[in-house]
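Asker: First the structure, which I've put down as structure tokens, then a few questions once you've had a look.
Please treat every number below as a calculation from the coordinates, not as lab data. None of these values were measured; they are calculated from a predicted model. Heads up, the Cβs are rebuilt from the backbone with ideal geometry, glycines too, and the neighbour counts pull from every protein chain shown.
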Amino acid sequence: MRVLQLLILTLAFAACLPGCDPPESTFVYNTKTEELTRDVGSAVKERLDGDFGSPKNSVAWLRMPVDYGTFKGEVVEVDEDASSAYQFRVKFGSNGDEETDGEDEEDGQASPTPGEMNLAGLAIIWKSGDYAGGSQIDGGKRDGEKLATLQVAAWSKDEENGEEGLLSLRQLMDPPPAVGDTFEIVGHKLSFGRQLYAAHCQHCHGTSGDGAGPTAEYLNPRPRDYRPGKFKFQSTLKTNRPTDGDLQRIIKKGIPGTYMPSFLLLEDDEMDSIVQYVKWLSMRGEYEIKLVTQLYFDYEKVVFDEAVESALEDGLEEFEDGTRDEKPTKRSIQDELIETANADLPDIAEQESNVLKDAWTKENMTVVVPLVARTPDTAESRARGRVLYVQNCAACHGATGRGDGEQVNAYMVNDQTREKYPEPGLFDDWGQSIKPRNLTRGIYRGGRRPIDLFRRVFEGINGTPMPPFKGKFDNDKKINDARTWDLVNYIYHIPFESRGKSAGDSATKHGRTAASTPSTR
């Protein structure tokens with residue numbers, strides 16, 4: 001029996017804080033969604049909006065592995081004479097992260113408490129009592145999934161004890177809950193993350209996380225588009241999603257050499273809320289892409305129109321020879337095909353949402369950890385690294401590491417269209433022109449720790465032409481990792497090379513001739 005997945009509506013605060021969107025703020029749909037025939041495109045949009053909502057009315061879809069933020073509470077007092085109620089006294093206990101007892105495991109910082117938060121607009125799920133399992137007031141269901149429609153209208157905490165107070169709901173509960181009934185209020189991180197994202201991130205990354213905010217067109221490189229689920233700098237395998245720690249590190253440290261600044265002054269709970277919101281935006285975008293990909297081949301506007309004409313022609317022939325009872329029309333054929341798409345969409349959504357959930361589940365992520373410790377940074381190690389650099393890296397990064405390799409002037413093939421780009425150089429998965437890193441500057445965008453460089457070489461950089469080199473230096477995994485460390489040692493040394501001499505000059509000691517190793521200049 002399939003476990004029911006709950007959808008929880010989380011509304012933004014009624015008062016718009018500085019940096020928030022205006023009320024008309026909306027998500028932008030993917031270009032491919034707009035290219036679907038109208039009725040099918042509308043069905044995809046309706047599904048997407050139902051599962052994720054809008055910027056002002058976000059949906060915390062519990063199927064997705066996002067920490068939306070949970071406060072646990074218990075009813076302590078209800079008017080005994082009332083047959084219904086929308087107000088009652090409650091007491092809050094631990095939050096959803098019980099094992100930390102409300103404190104951050106790393107630095108002991110206390111997690112936010114209900115007394116510190118504005119709970120208005122957040123969803124409430126009943127865990128015990130007559131209302132256990134969600135909301136029995138609306139009882140609304142879509143494809144077997146309950147909608148928890150009960151929402152907090154106001155929270156008036158006691159002055160002496162901020163964890164107790166009067167909770168008001170937007171809906172009348174008939175009958176009222178009983179003393180001792182337990183509940184969870186869900187979504188404070190999503191709501192808080194939305195506000196922080198609007199204030200700090202949206203002007204570059206866009207409301208939808210599409211990397212198309214109002215300042216994006218003036219930036220090079222362009223801000224990250226979260227929607228395909230591709231993140232450049234992560235500790236996990238290239239095919240995996242980043243960990244929360246990876247995203248926190250980028251937000252905290254920024255990306256050197258780009259317009260992505262450091263947000264080191266944000267509090268830990270603010271950082272975590274932004275991370276959860278960015279993950280949620282990415283899941284929304286990837287979910288849309290997955291739905292559209294399944295339908296695009298048959299329901300793209302031009303393809304659909306051609307299919308309608310072909311089916312109409314066949315239908316008219318069948319009608320004329322008596323094998324079809326009713327004479328088909330263009331509209332009836334369109335309706336038949338659209339009905340098929342609408343019938344398939346729930347199963348497609350079920351399948352693709354499970355794929356997305358698994359992709360973002362921490363247990364399914366593999367963090368890249370070298371099998372051997374870093375090779376000591378010696379002249380011999382750097383010389384071996386120089387040989388590997390010339391063989392594998394110089395074509396893009398150049399013989400001297402200035403990012404001026406021969407590929408910069410070559411016409412590359414677009415992997416999606418299989419045609420050459422109209423201009424020479426390298427391009428990322430979004431079609432943006434990018435340049436190989438100038439390694440002589442010693443600025444490493446994905447972090448300058450040795451493990452950061454190891455992971456960039458080992459797994460490549462997602463969404464860019466930088467390929468993974470795992471297993472390329474030797475079939476033995478441990479030896480391959482040791483060689484990767486040699487290359488890391490050489491990369492660290494590049495900014496300090498004299499332009500007429502390099503660690504490669506000693507490569508002849510390791511079975512290479514001077515002629516096979518270009519010198520720096």
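Asker: Any idea what log10 I(q)/I(0) is at q = 0.11, 0.13 Å⁻¹ for region 215-288, Debye with uniform C-alpha scatterers and no solvent?
Answerer: Once normalised to I(0) and log-transformed, intensities are -0.28, -0.40.
Asker: Also, I was wondering about something else. Hand me the GluC sites (Glu not before Pro) from region 363-461 located in a DSSP loop with no more than 15 other Cβ atoms within 10 Å, in residue order please. Numbers along the way, then the final one.
Answerer: On the way: sites: 363, 380, 406, 419, 459; in loops: 419.
Passing both the DSSP loop test and the Cβ count: 419.
Asker: Within region 150-188, which GluC sites (Glu not before Pro) sit in a loop by DSSP and count at most 13 neighbouring Cβ atoms inside 10 Å?
Answerer: Answer by residue number: 159, 160.
Asker: For a footprinting-style exposure proxy, rank 356, 36, 345 by other Cβ within 10 Å, fewest first. Before the final figure, lay out the partial values.
Answerer: Details: 356 22, 36 26, 345 19.
By the 10 Å Cβ count, ascending: 345, 356, 36.
Asker: If you scale each eigenvalue of the Cα gyration tensor by 5 and take the root, what three semi-axes come out for region 400-459, rounded to whole angstrom and sorted largest first?
Answerer: Values: eigenvalues 127, 42, 15 Å².
Over the Cα atoms of region 400-459, the ellipsoid semi-axes are 25, 14, 9 Å.
Asker: Note down the magnitude of the dipole of region 257-296 about its Cα centre, charges +1 on Lys and Arg C-beta and -1 on Asp and Glu C-beta and zero elsewhere, to the nearest 20 debye.
Answerer: 360 debye
Asker: Report the FRET efficiency, 1/(1 + (r/R0)^6), for residue 429 and residue 84, where r is their Cβ-Cβ distance and R0 is 51 Å, rounded to 0.05.
Answerer: Step by step, r from the Cβ atoms, then E = 0.40.
Asker: Compute the projected area of the convex hull of the Cα atoms of region 379-516, averaged over all viewing directions, and report it in nm² to one decimal place. Please report the intermediate quantities before stating the final value.
Answerer: Values: hull surface 35.6 nm².
Average of the hull's projected areas for region 379-516 equals 8.9 nm².
Asker: Further question: What are the ³J(HN,Hα) values, in whole Hz, obtained from phi via the Karplus relation 6.51 cos²θ - 1.76 cosθ + 1.60 with θ = phi - 60°, for each residue of region 185-192 in sequence order, with x given for Gly and Pro?
Answerer: Rounded to whole hertz, the list is 9, 10, x, 5, 6, 5, 5, 5.
Asker: Please work out how many pairs of lysine residues in region 379-516 are eight or more positions apart (or on different chains) and have Cα atoms closer than 30 angstrom.
Answerer: Close lysine pairs found across region 379-516: 14.
Asker: Need one number: the % of Cα-Cα pairs in region 301-427 sitting beyond the 22 Å mark.
Answerer: Roughly 72 percent, rounded to a whole number.
Asker: How high is the FRET efficiency between residue 340 and residue 179 when r is their beta carbon distance and R₀ equals 56 Å, given to the nearest 0.05?
Answerer: E(calc), rounded to 0.05, equals 0.60.
Asker: Using θ = phi - 60° and the Karplus relation 6.51 cos²θ - 1.76 cosθ + 1.60, list the HN-Hα couplings for region 363-370 in order, rounded to whole Hz, with x at every Gly or Pro.
Answerer: Once θ is set to phi - 60°, the couplings for region 363-370 become 5, 8, 9, 10, 7, 6, 10, x Hz.
Asker: Nearest 0.05, what FRET efficiency do residue 498 and residue 161 give at R0 = 60 Å with Cβ-Cβ as r? Please report the intermediate quantities before stating the final value.
Answerer: Numbers: r = 69 Å, r/R0 = 1.15.
That gives a FRET efficiency of 0.30.
Asker: Right, another one. What value does region 254-336 have for Rg/Rh, both radii from Cα atoms and Rh as Kirkwood defines it?
Answerer: Value, to two decimals: 1.44.
Asker: Please work out, to two decimal places, the log10 of the ratio I(q)/I(0) at q = 0.14, 0.19, 0.24 Å⁻¹ from a Debye calculation in which every Cα of region 168-263 carries one identical scatterer.
Answerer: The Cα Debye sum returns log10 ratios of -0.65, -0.98, -1.48.
Asker: Could you work out, for region 189-232, what percent of all Cα-Cα pairs fall into each 10 Å distance bin, beginning at 0 Å and stopping at the bin that holds the largest distance?
Answerer: That works out to 31, 52, 17, 0, in percent per bin.
Asker: Find how much the distance from residue 379 to residue 319 grows on full extension, using 0.36 nm per residue of separation minus their present alpha carbon separation; answer in nm with one decimal.
Answerer: The span from residue 379 to residue 319 would gain 13.3 nm if fully extended.
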